[in-house]
Amino acid sequence: MLQAIAPNVWHAQYQFVVNGVHVSSRMTVIRLSGDRLWLHSPIPLTPALRSAVEALGNITYLVAPSKVHHLFIGDWAAAYPQAVLFGAPGLPAKRPDLRDMRLLSPAGEPEWMEELGQMLFEGIPFANEFVWFHWPSRSLILTDLCQWWQGELALASRLYAKVTGVRKELAVPRTVRLITRDRQAARASAAKILQWPVERVIVAHNSIVEQDARAALARALAWF
């Protein structure tokens, strides 16, 4: 289930259906120094996936990157009680069952700041999405902020992608645009993202962008 993206970076996808729309969600795994594994937006825990991830190193950090992406992280936290659980501000109110969860800091976490840049994308409080930049691989890691639904899709999925504006290119989905409450703050966050030397964009849904990634990202974030 795990596929390599770059040195010390892997991903696995989960397929599900919401209101007739086939959706894929991606978990990103990064191996930090000391064989520490950092899991972003975990998908359902299965025996096969568990074995594949454990073969990479020590599961050390479990990250719920927003108030929206958190459904399966509790199962991982129960299976790996030694791992440190991180979540976006506001998530504890939605998931009081996730005990001992540390809130992600806009300033970054000392455990990984030398390898992973970190920031809160401001202006969209419904999600409170955090974004990361993996310095060694020049990979930007997003969740819902930008999407690009490429390839062969079922009819309902194609229509959804077209309506939300993410079928033809990397874009900020119209669903995210609708929940943006402070566009000036969001614009400032977008500008900070573009200061990173991005060569790859890993998003939670569908495509990973590797060709002309920074230009594609700049076009997408220009909406703000």
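Every read-out reported here was derived from the displayed coordinates using simple, explicitly stated rules and does not represent laboratory data. Keep in mind it's a predicted model, so treat the numbers as computed, not measured. Quick reminder, even Gly has a Cβ in these numbers, built from the backbone with ideal geometry, and neighbours come from all protein chains shown.
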Task: Efficiency of FRET between S51 and Q211 - r from beta-carbon atoms, R0 30 angstrom, step 0.05 - done: 0.40
Task: Dipole in debye (nearest 20) - the chain, about Cα centre, beta carbon charges: Lys, Arg +1; Asp, Glu -1 - done: 780 debye
TODO: Find how much the distance from A218 to F126 grows on full extension, using 0.36 nm per residue of separation minus their present alpha carbon separation; answer in nm with one decimal.
DONE: 30.8 nm
Task: Structure-based [θ]222 nm, the chain - -39500 (n - 2.57) summed over DSSP H runs of at least 4, per residue, nearest 500 - done: -6500 deg cm²/dmol
Open item on the list: Under a crude label model (7 Å from the Cα following the beta-carbon direction), how far is L178 from E111 in nanometres?
Closed with: 3.6 nm
Task: Virtual spin-label span in nm between A4 and A93, 7 Å along Cα→Cβ - done: 4.4 nm
TODO: Using a/c under 1.5 as the rounded threshold, could you call the chain rounded, prolate or oblate? The axes a ≥ b ≥ c are square roots of the C-alpha gyration tensor eigenvalues, and prolate needs a/b larger than b/c, oblate otherwise.
DONE: rounded
- [ ] In nm, give the distance between the simple-model label positions of D75 and R138, each being 7 Å from the Cα along the Cα-to-Cβ direction.
- [x] 3.7 nm
- [ ] Could you rank the peptides 111-124, 169-182 by their average count of other C-beta atoms within 10 Å per residue, with the highest value first?
- [x] 111-124, 169-182
